[in-house]
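Read the structure below first, then the notes.
What follows draws every value from the coordinates through simple rules; no lab data is involved. Note that the coordinates shown come from a computational prediction; the quantities given were computed from them, not determined experimentally. In this analysis, Cβ positions are derived from the backbone assuming ideal geometry, glycine residues included, and neighbour counts consider all displayed protein chains.
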Amino acid sequence: MCYAIPAKVIKIKGLIAIVDYFGEKRKILLDLDDIKVGDYVYAQGGILVRKIPQEEALIILEAWKDIFLELQKTDAALSQLDQSQFSQNALAVLQKVNLRKSLNQSEMKTLFELEDLQELSVLYEIANHVRQREHGNACCIHGIIEFSNYCTNNCYYCGIRKDSAIQRYRMDVNEVISVAKHAVDEYGFKALVLQSGEDYWYDEKKLVEVVKAIRAMGVLVFLSIGSRDQALYQKLYDVGARACLLRFETSNEALFDKLRPGTTLKDRVDLIKAIKKMGYVLATGFIIGLPGATLDDLINDILLTRYLMPDMYSFGPLIPTKGTPLANCPMVSKELVLKTIAVSRFVDSNANILVTTALETLEPGAKREGLMGGANSLMINVTPARYRDLYNIYDNKAGNEDSINNNIQKTLELLKSLGRAPTDLGVH
């Protein structure tokens, strides 16, 4: 199976290459020094991850050619706007978006306050149209390996917090590498997210060994290991890690202090900035629906995300989880998450927006709605089945009951139905 289509390098200028996917051009960062015009490559997250022999690339491209063109037609049809249904509010927003003007906080709030189903439908259609205008039908798919559920923190919202009475596990270095190799060789992933609690058992030596081994497989190594030292992140970048997921969770400093005892929002944001400066492809964002958070806080969450200039927005709903202080909080509405995706697309039209598993956990089928509401990235869990239920950051995680193969097939069928193709999203 293939979750990335190879592209042909058509131009190189310094560390930037232009690659071609059936006529669609993308800019990527060169992460290898032996690339020349005419080479065929795989890219993930806007970064070249490996070359592919021309003979192999041409076979894959021949198989994808007709499919790709049909997917483009499907995506274009689904992203058309029916202006006869627009309200004045929607037309005003569309005009600003079309002119690539920033929405102010008042306009963002107006969109969040929409309740009429027809207006909401228009809101999501506009967001999907902007997504298609900016990115074509590209949609990236990353695999995620949850390699440890130990954590030193006691975040109120998290099921693997230090004080949770859960069964703990951690994969040793060889097992992490073995699981990654299986995901690459058996399932064809070109990008892998390594996710854990803040588990200091994985010191620099262990993490360096893991990153080196997985990068040597020719994939994008994507870290999600929490607030570790800047020096460690720099070392892991130096040995091949190229992407990092680190959310700030909430822009409300008082709320952050309450829900993440022993940590500060300033330290978290400073680390995110440092990671971006190191050269990592950055994914960041927040939790929707934290108790005490207001609509103004949610708007500020989106604006802080944009300020941090991430390559990917990652946010999801609070899922009340047993054994945590927030176990009895009300469930966030699916509609609020979809509004957040749409408004984020308007605020940062060029953003790559991830549909999280938490959205699908809220309601079956919500993943499709997220992709149709402005999102363009997905992750598939490739954690071995024996650990999947133990990585319980929230209850009833969608997809845990399915095999990896079934999750892959469902995802590919969904993308095909929406006309999305696994081409790289590029850098901007």
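List of remarks:
- Think of the range 338-428 as having a plus end and a minus end, set by charges on the Cβ of Lys, Arg, Asp and Glu; of Asn352, Asn405, Ala366, Asn352 sits farthest toward the positive end of this dipole.
- Evaluated with a Cβ-only charge set (Lys, Arg +1; Asp, Glu -1), the range 297-428 carries a dipole of roughly 160 debye about its Cα centre, given to the nearest 20.
- Here the range 108-152 is assigned +1 on the Cβ of each Lys and Arg and -1 on the Cβ of each Asp and Glu. Its dipole about the Cα centre then comes out at about 260 debye.
- An oblate overall shape is assigned to the range 123-185, the ratio a/c of its alpha-carbon gyration tensor axes (a ≥ b ≥ c) being 1.5 or greater and a/b not exceeding b/c.
- Inter-probe distance in nm under a simple model that places probes 7 Å from Cα toward Cβ, at Glu204 and Ala216: 2.1
- Sorting 377-390, 336-349 by average packing, meaning the other beta carbons within 10 Å per residue, from highest down gives 336-349, 377-390.
- Positive-end ranking of Leu99, Val19, Val130 along the dipole of the chain, with charges on Cβ about the Cα centre, is headed by Val19.
- Prolate/oblate/rounded label for the range 155-204 (Cα gyration tensor, a/c 1.5): prolate
- Adding -39500 (n - 2.57) for every DSSP H run of four residues or longer, then dividing by how many residues the chain holds, sets the calculated 222 nm ellipticity at -13000 deg cm²/dmol.
- Of the DSSP H helices in the chain, those whose Cα atoms cover at least 24 Å axially and whose Kyte score averages -1.0 or more: 54-78, 117-135
- Label corresponding to semi-axes √(5λ) of the Cα gyration tensor in Å when calculated from the structure given, among [x] 34, 27, 19; [y] 30, 29, 20; [z] 39, 24, 21: [y]
- Note on the chain: GNM, Cα springs under 10 Å; of Ala165, Ala283, Ala358, the largest mean-square fluctuation is that of Ala165.
- The chain: antiparallel DSSP beta bridges as a percent of all, rounded to 5: 40
- Using a cutoff of 8 angstrom between alpha carbon atoms and counting only pairs six or more residues apart, the relative contact order for the range 7-77 works out to 22 percent.
- In terms of its C-alpha gyration tensor, the range 247-349 has an oblate overall shape, because the principal axis ratio a/c (a ≥ b ≥ c, square roots of the eigenvalues) is not below 1.5 and a/b does not outweigh b/c.
- Among Leu120, Leu318, the order by Cβ neighbours within 10 angstrom, fewest to most, reads Leu120, Leu318.
- Cα centre as origin, Lys/Arg/Asp/Glu Cβ charges: the chain dipole, Debye: 840
- A crude spin-label estimate for the pair Lys25 and Asp172, with each label 7 Å from Cα along the Cβ direction, gives 5.2 nm.
- Spatially close Lys pairs in the range 7-77, defined by Cα atoms under 16 Å apart and a spacing of eight or more places or different chains, total 17.
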